[in-house]
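The values are calculated or read from the model by the stated rules, or taken from the named source; none is laboratory data. This structure is a prediction, so every number in the text was calculated from the model and none was measured. Backbone-built Cβ (ideal geometry, glycine too); neighbour counts: all protein chains shown.
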Amino acid sequence: MITQPCKLDVRSDEYFQLKVAKQVLEELTENMKFSIKDIYFDYGQNWMWTTIVAYDKLKNDSCFQVLCPRDWKEIINYANRARIKAICKAFINEYPELWNLK
């Protein structure tokens, strides 16, 4: 079990879980593009993690990290597809202004 944000091997089960979450997000939104990327979790500490980044297709310069560390850990360690969908919907409902919803 992974206990803190980190870079993931693309062949790992945890990376697969992020791919499932990316697919769920694509199903729930429109005019949004999602990618799984290695980005800085803490630039000052040179700490990278693999997470989902959202891009607004209507605003080329608009992008943001989708998951907080708590949701990231739950998705990669425990979640089945139904739980991943619930996590994604909760995030979308909490911040509706960020999304182009279907």
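Just one of (1) without any contact (Cβ under 8 Å) to a residue 40 or more places away in the chain; (2) within 23 Å of Asp13 (Cα to Cα) fails for Ala79. It is (1). Against the list (1) surrounded by 16 or more Cβ atoms within 10 Å (Cβ to Cβ); (2) out of contact with any Cys (no Cβ under 9 Å at 6 or more places or on another chain), the condition Ala86 fails is (1). Applying the set (1) in a loop (DSSP other than H, G, I, E, B); (2) modelled with pLDDT of 90 or more; (3) aliphatic (A, V, I, L, M) to Ile75 leaves exactly one unmet item: (1). The residue of the range 1-40 that is nearest to Pro96 (Cα to Cα), among those that are part of a loop (DSSP other than H, G, I, E, B) and of a type in the set (Ser, Thr, Tyr), is Thr3.
So that you can scan it fast, the table gives a plain yes or no per residue for (1) among the aromatic types (Phe, Trp, Tyr); (2) closer than 17 Å to Lys7 by Cβ; (3) touching a Lys or Arg at 6+ places or on another chain (Cβ under 6 Å); (4) surrounded by fewer than 17 Cβ atoms within 10 Å (Cβ to Cβ):
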| site | (1), (2), (3), (4) |
| --- | --- |
| Lys19 | no, yes, no, yes |
| Asn31 | no, no, yes, yes |
| Ser35 | no, yes, no, yes |
| Met48 | no, yes, yes, yes |
| Cys68 | no, no, no, yes |
| Ile75 | no, yes, no, no |
| Ala90 | no, no, no, yes |
| Asn93 | no, no, no, yes |
| Glu97 | no, no, no, yes |
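Looking across the range 78-102, the residues that are among the hydrophobic types (A, V, I, L, M, F, W, C) and assigned to a helix (DSSP H, G or I) come down to Ala82, Ile84, Ala86, Ile87, Cys88, Ala90, Phe91, Ile92, Leu98.
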